[in-house]
Structure formats: C-alpha cells, structure tokens
Amino acid sequence: MKQLMVTLLVLVGFLDLSLIWAGEKKQEETPLEIGDHRELFVDDYLIGSLKGAELRLHHPVDEGPVLKFDKPWEGLFCGYSTIIKDGDVYRAYYRGRPTAGADGDVGEVYCYAESKDGVNWTKPEFTLFEKQGHKKNNIILADAAPMTHNFSPFLDTRPGVPAAEKYKALGGTMKSGLVAFTSPDGIHWKQHPAGSVIPTKMVPYKYMFDSQNVAFWSPVEKKYLSYFRVFKDKIRRIARSESDDFIHWSAPVLMEYTTLDGEAPIEHLYTNQTHPYFRAPHIYLAIAARFMPGRQVLTDEQAKEIGVHPRYFKDTSDAILMTTRGDDTYQRTFLSGYIAGGIGAQNWVSRTNYPALNVVQTGPAEMSVYVNQDYAQPTSHLRRYSLRLDGFASLRADYAGGEMVTKPLVFDGSEMSINFSTSAAGGIKIEIQDEQGQPIPGFTLADCREQIGNEVDRVVSWKQGSDLKSLSGKPVRLKFVMKDADLYSLQFQK
C-alpha cells in the first residue's frame with residue numbers, strides 16, 4: 001500500500017510537471033499580434049527558427065559634410081545635434097561652443113540650420129540673441145545656461161497638442177535637472193513654467209544628465225518617454241522615465257542590454273539617441289555613441305598635426321545600433337560598430353563620431369543619419385550618411401541558400417509587402433503555414449511566385465493572387481526560403 005501511494009504521488013508529480021510544461025509551451029507559442037505594423041529585422045522578434053540564414057548589419061554610406069561649424073559662435077565644440085523632419089522642412093539643432101569650458105556655462109548657445117531635402121543646408125539669420133558682436137546669427141537659444149549645454153528638441157506628435165507647444169525640449173545638467181521648454185515653430189522657445197520636470201533628486205544615481213537627454217511622444221505606448229544619461233558603477237548608462245503630460249515623470253528605470261544569446265557587455269554609452277523609427281514607430285531605434293575612455297589612438301605628433309585641442313585626443317568613440325520595443329531592455333543584436341571612424345587621424349579623437357538624434361527620409365528609397373565629426377578641431381562639422389529605407393539590417397541568405405520560419409503571428413491586412421533585394425541568381429519564396437507549421441493550400445512554396453529584384457515595397461503573390469483576406473486575423477507562420485538575398489522588412493497592408 002505504501003509503495004502504491006509513492007507511485008501515485010510520483011505520477012501526480014509528473015502530471016503536474018507536464019501540465020506546467022504544457023502551460024509554459026502554450027504561453028511561449030502565443031501568437032504575436034503584428035496587425036499591419038511594419039516589422040524590421042533589427043532583432044529576433046519575428047524569428048522562430050533559422051537554417052542557413054542570419055541577421056546581418058548594414059553600414060550607412062558616407063555622403064560627406066553637410067554643415068560646417070564655422071561661425072564665431074559655433075566652433076570646435078559643437079555637438080549634441082538633433083534632426084527633425086516637419087513636413088517639407090528639415091530642421092537641425094546643435095550646440096555652439098567655440099572654446100573649451102565647463103559643461104553648462106554661459107559660453108554655450110544653441111544653433112539652427114534648415115533644409116528642403118536633408119542634403120543641402122542653410123543657416124538662417126535671426127535677431128533673437130546678440131553674440132560676439134553679431135546681431136544677426138542662427139542662434140535660437142542663448143543666455144539659458146546650463147540648459148544650452150544639451151538642449152534636445154522634438155516634434156510633439158501627440159493628438160490634440162496645443163499649437164503653442166507643437167515643439168518641446170529638455171535640457172539641463174545635474175545642477176538644474178532636466179528643464180522643459182516649448183515652442184510653436186521650433187525657433188522661438190520659452191521655458192515651461194514647471195521648470196525642472198525631472199529633478200536631480202528624483203534620479204537615484206550620483207551623477208546624471210551631462211549628455212544629450214532625449215524625449216518623444218510614443219504613439220504606441222501613448223505617453224511621453226525620456227531616455228537620459230546616468231552613471232552606474234562609474235559607467236555611462238541610460239535610464240528611462242515616463243509621463244502622461246510631459247511635466248510629471250515617473251521614477252527612472254535603468255535600461256539593461258541583451259543580445260540574441262543573452263546579456264550584452266556593458267559599455268560606456270555617451271549619448272543614446274533613442275527615437276521611434278518613422279516607418280515603424282513601435283520600434284525605438286538607438287544609434288548611440290559608444291565612448292572608449294582612455295583608449296588613445298593618436299600620438300602627440302598626430303594630434304598636433306590635425307590641430308585637435310590637447311584635452312580631446314586621449315579617448316575614442318564610434319556609433320552602435322540598438323533597439324527597444326518599449327520595455328526596460330535594449331536589444332543589441334549587433335555588437336560590432338555601426339558607424340566607425342573614417343580614414344584619417346581626425347576621426348579618432350575624443351567625442352567624435354557622435355550621431356545626431358533621429359533618422360529621416362531623404363529620398364523615395366533613402367533615409368539619412370547625421371554624425372558630428374572632427375570634434376575639438378578647426379574642421380568640426382556635421383556629416384550625412386545614407387541607407388535604404390528600413391536598411392539598418394536584414395535577414396540574409398547567401399548563394400548556398402537559407403530558410404527562416406517565423407513564430408506564430410496574427411496579421412491584419414489583405415496583402416503582404418516586402419522590402420528586399422536579390423542578385424540576378426537569387427530570390428525569395430514565401431510559404432504561409434498554419435500555427436502548427438503545416439503549409440496552407442494555395443500558399444505553399446510551390447504556389448509562390450519567386451521574388452527577384454530590388455524594391456522597397458513589393459507585394460507578394462501566389463498562383464491564386466495576392467489576396468490574404470481569408471487568413472487575416474488567424475494564427476499563421478511564415479516560411480521564407482531565400483538565396484543570395486536580403487529581406488529588410490515586411491508589412492501586411494489593407
């Protein structure tokens with residue numbers, strides 16, 4: 001009898017474990033609700049399995065300087081740039097600083113440039129502030145230290161935002177906390193009566209804010225988000241805070257980092273530049289400045305030859321790419337550099353290669369990211385880099401071929417569009433499967449028209465056509481069979 005009881009208990013135990021395991025498996029297989037969102041291959045969000053394929057990082061193309069910081073009030077120490085596309089106008093904001101000095105002192109101003117295409121830029125002449133004997137200049141904020149150290153504006157896309165607050169900004173150092181500003185046009189700014197909306201006392205770290213601290217309205221989370229610099233264990237880190245009204249902010253949460261295989265290394269990130277990607281705002285891109293303190297590249301002789309300030313060649317830096325989908329973790333799918341220093345000693349000094357905030361579209365199939373370069377040198381400037389739409393990374397299969405099967409997902413739409421490129425010998429075929437991985441009749445690989453070419457918006461079709469209404473709202477898997485091809489994004493369209 002005793003042995004029977006033990007056997008029953010063991011069986012019950014196994015039964016409980018199997019139920020728990022089944023429950024966990026069911027939870028893991030809960031279909032992703034992607035709706036009609038554009039999904040990029042910057043992380044493994046969609047990926048269920050890979051065979052002979054991989055996620056591959058794509059580096060932007062150097063298009064050369066677009067703004068020289070050559071005005072008397074600009075100079076060697078310009079930085080913390082922001083690019084905003086507002087309709088047909090591109091706006092650039094950057095700190096002007098001709099001489100070295102303490103963070104947040106009166107020698108800092110904020111400057112403005114404008115463009116109709118994101119490629120050719122001009123500096124308007126305003127009469128808002130007189131500096132260094134110049135009544136006409138491109139300064140849009142001055143005499144507001146320490147907020148002019150790292151003034152970071154954004155276009156507020158929240159529905160119903162008052163016209164007088166169409167633009168908002170945060171700026172400040174540990175001395176002031178992060179102070180709120182508003183503007184109707186992005187040029188005429190005033191400090192919000194609330195003043196410091198993220199005060200120093202609210203942040204549980206010894207040192208914070210001495211970098212570009214960004215904010216934006218998230219249409220997905222339906223709240224304002226701020227990502228700002230803190231120090232933890234003497235390493236430059238990033239914290240996130242939330243707000244419903246831009247004035248009252250939640251206690252900050254420290255962002256962590258993961259890779260596809262686990263935890264990512266913790267490196268100094270000087271700026272984070274987190275923002276919603278304009279074609280997929282549920283994905284927040286972070287083209288961050290990775291800082292390598294004490295990693296000196298230049299000799300004293302090389303530094304003297306390029307005219308870099310003596311205090312600014314003892315370190316080096318580059319840009320990395322991270323993403324987050326609204327939680328407290330950045331996905332560092334790619335640990336390698338995204339925009340590395342170019343040829344020449346001038347690219348290997350302290351605090352150069354710092355990306356501007358935001359990626360913007362600059363052509364029918366092109367977008368651009370901008371980078372501060374030649375820091376602390378007479379040649380200090382803003383440089384443009386181009387890449388194809390959605391082209392940060394891709395699902396890649398080489399000539400030998402490869403496959404990817406997605407996790408179960410539910411879409412909302414009647415057609416599927418892909419952004420892809422192949423060689424003349426390459427191609428992509430797509431099979432739609434049921435939730436268990438069985439091909440759905442009419443949408444098998446044999447039925448799919450092979451996708452060959454290079455397009456940012458190609459509608460996929462099968463023998464019976466492209467209509468997917470019968471599958472919309474139902475759990476499915478997608479199987480991609482690829483050869484010498486890159487898949488940058490996919491989207492179900494109505």
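The values are calculated or read from the model by the stated rules, or taken from the named source; none is laboratory data. Here the structure is a predicted model, which means the values were calculated and not measured. Ideal geometry is used to build each Cβ from the backbone, glycine not excepted, and the neighbour counts take in all protein chains shown. The area values use the complete protein model at the heavy-atom level, side chains included, leaving out ligands, DNA and RNA. Shrake-Rupley method; radii C 1.70, N 1.55, O 1.52, S 1.80 Å.
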> Roughly to the nearest percent, how much of the accessible area of segment 372-418 is carbon and sulfur, given a 1.4 Å probe?
Replying inline: 49
> Cα extents of segment 343-391 along the three principal axes, largest first, in whole Å?
Replying inline: 35, 20, 14
> Roughly to the nearest percent, how much of the accessible area of segment 136-184 is carbon and sulfur, given a 1.4 Å probe?
Replying inline: 59
>> Filter Lys131/Lys206; Lys131/Lys304; Lys68/Lys234; Lys201/Lys234 down to the pairs with a C-alpha to C-alpha distance above 23 Å, please.
In response: Lys131/Lys206; Lys131/Lys304; Lys68/Lys234
>> Heavy atoms only, 1.4 Å probe, whole protein assembly: order Asp315, Asp44 by accessible area, highest first.
In response: Asp44, Asp315
> Fully extended, how many nm does the chain gain between Ser470 and Ala194 (0.36 nm per residue separation, minus their Cα-Cα distance)?
Replying inline: 94.1 nm
> By how many degrees, 0 to 90 and rounded to 10, does the Cα axis of helix 2-28 deviate from the longest principal axis of the chain?
Replying inline: 50
> To the nearest 500 deg cm²/dmol, what mean residue ellipticity at 222 nm is calculated for the chain from DSSP H runs of n ≥ 4 alone, each contributing -39,500 (n - 2.57), summed and divided by the residues?
Replying inline: -2500 deg cm²/dmol
> Averaged per residue, what accessible area in Å² does the chain show with a 1.4 Å probe, protein chains only?
Replying inline: 43
>> If every alpha-carbon in segment 402-494 counts as one equal scatterer, what log10 I(q)/I(0) does Debye give at q = 0.13, 0.22, 0.24 1/Å?
In response: -0.38, -1.15, -1.37
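What order do Trp249, Trp348 take when sorted by accessible area (1.4 Å probe), most exposed first?
Correct descending sequence by accessible area is Trp348, Trp249.
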> Using a cut-off of 18 Å between alpha-carbon atoms, which lysines can reach Lys223, once sequence neighbours fewer than 8 places away in the same chain are excluded?
Replying inline: Lys166, Lys168
> Bin by bin, in steps of 20 Å, what percent of the Cα pairs in the chain do you find, going until the bin that has the longest distance?
Replying inline: 22, 50, 24, 5, 1, 0
> Stretched out fully, how many nm does the piece from Val220 to Lys304 gain, at 0.36 nm a residue minus the Cα gap?
Replying inline: 25.3 nm
> So for the pair Arg311, Arg325, with labels modelled 7 Å out along Cα→Cβ, what separation do we get in nm?
Replying inline: 4.4
> Roughly how many Å² of His248 are accessible to a 1.4 Å probe, to the nearest 10?
Replying inline: 130
> For Gly35, what is the net charge nearby, where nearby means another residue's Cβ is under 12 Å from its Cβ and Lys, Arg count +1, Asp, Glu -1?
Replying inline: -2
